[in-house]
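K.L.:
The structure is given below, and queries will be raised subsequently.
The values are calculated or read from the model by the stated rules, or taken from the named source; none is laboratory data. What you are looking at is a predicted structure, and each value in this text was computed from that prediction instead of being measured. Neighbour counts run over all protein chains shown; Cβ positions are idealised from the backbone, glycine included. The area values use the complete protein model at the heavy-atom level, side chains included, leaving out ligands, DNA and RNA. Shrake-Rupley method; radii C 1.70, N 1.55, O 1.52, S 1.80 Å.
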Amino acid sequence: MAYNPPYFSEERLVQVRKIVAQFPEGRQKSALIRVLHMAQEDFGGHLTAEVMDYVADLLAISPIEVYEVATFYTMFNLKPVGKYMLEVCHTGPCMLRGADKTIAYLQQKLGIKVNETTEDGFFTLKSAECLGACGYAPMMQCGEHYYENLTEEKIDTLLDAWREQPIPPKAWEKID
Ligand code: FES
């Protein structure tokens, strides 16, 4: 093979094998989303072509099958992202409760547009489809956490708190 991807650790490979074993013979593609999450977590928060090819090899499926999934779902990043990735829901209920204003406020506070990353590499701003917290709109996801009933004050508090973290966690790591 012409590519030279990073490789999963032995520990990670054990996890991958366990997941694949949950599916019938020949259905290892069913493990793809979970393995892509692992790859994104282990290889820097985004999926390069090399990493996607590696995952395809690992699951014995074609690279195009991996690209189709990785490019379809917004939770997979195809280019580097900031340490904190803010995903603001922009679907109906959130829009009715001011998600457009939330996005505009974040753009203004961070000095970036949606799909951009701040110059210091701290924040990436994205808009997302319904994240399943419609009753608490407007909301956003950052890492594994949901932040709901957003107001400008709440956003200010969150941004200040995140900026003060001495060693900011990566966007794909758990944030308290
Ligand atoms: S519409 Fe925003 S979480 Fe569902």
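K.L.:
Angle between the Cα long axis of helix 99-110 and the longest principal axis of the chain, 0 to 90 degrees, nearest 10?
P.N.:
Helix 99-110 sits roughly 90 degrees off the main axis of the chain.
K.L.:
What angle do you read, to the nearest 10 degrees and between 0 and 90, between the alpha-carbon axis of helix 63-72 and the longest principal axis of the chain?
P.N.:
In the chain, helix 63-72 runs at an angle near 10 degrees to the longest axis.
K.L.:
Which percentage, to the nearest 5, of the DSSP beta bridges contained in the chain is antiparallel?
P.N.:
Values: 7 of 13 bridges.
Bridges in the chain are about 55 percent antiparallel.
K.L.:
On to the next question. Between THR91 and GLU10, what is the FRET efficiency for a Förster distance of 41 Å, r being their Cβ-Cβ separation, to the nearest 0.05?
P.N.:
For R0 = 41 Å, the calculated efficiency reads 0.50.
K.L.:
Let me ask you something else. Once you've got the GNM for the chain with C-alpha springs shorter than 10 Å, pick whichever of CYS130, CYS94, CYS142 has the biggest mean-square fluctuation.
P.N.:
CYS130
K.L.:
In the chain, carbon and sulfur make up what percent of the accessible area (probe 1.4 Å)?
P.N.:
Values: 5210 of 9870 Å².
For the chain, the apolar C and S fraction of the accessible surface comes to 53 percent.
K.L.:
Compute the FRET efficiency between GLU144 and GLU65 as 1/(1 + (r/R0)^6), taking r as their Cβ-Cβ distance and R0 = 25 Å, and round to the nearest 0.05. Mind showing how you got there, number by number?
P.N.:
Details: r = 27 Å, r/R0 = 1.06.
About 0.40, to the nearest 0.05.
K.L.:
Still on this structure, please answer the following. Between segment 108-134 and segment 22-62, what is the C-alpha centre distance in whole Å?
P.N.:
26 Å
K.L.:
Give the aspartates and glutamates whose C-alpha is closer than 18 Å to that of LYS83, dropping any in the same chain fewer than 8 places away, or say none.
P.N.:
GLU41, ASP42, GLU116, GLU119, ASP120, GLU144, ASP156, ASP160, GLU164, GLU173, ASP176
K.L.:
How fast does segment 32-156 diffuse by Stokes-Einstein, in µm²/s, taking the Kirkwood radius from C-alpha pairs at 37 °C and 0.692 mPa s? It would help to have the intermediate numbers written out before the result.
P.N.:
Working: Rh = 15.4 Å.
Answer from the Stokes-Einstein relation: 213 µm²/s.
K.L.:
For the chain, report the accessible area per residue in Å² (1.4 Å probe, heavy atoms, rounded to an integer).
P.N.:
On the way: 9870 Å² over 176 residues.
Averaged over the residues of the chain, the accessible area is 56 Å².
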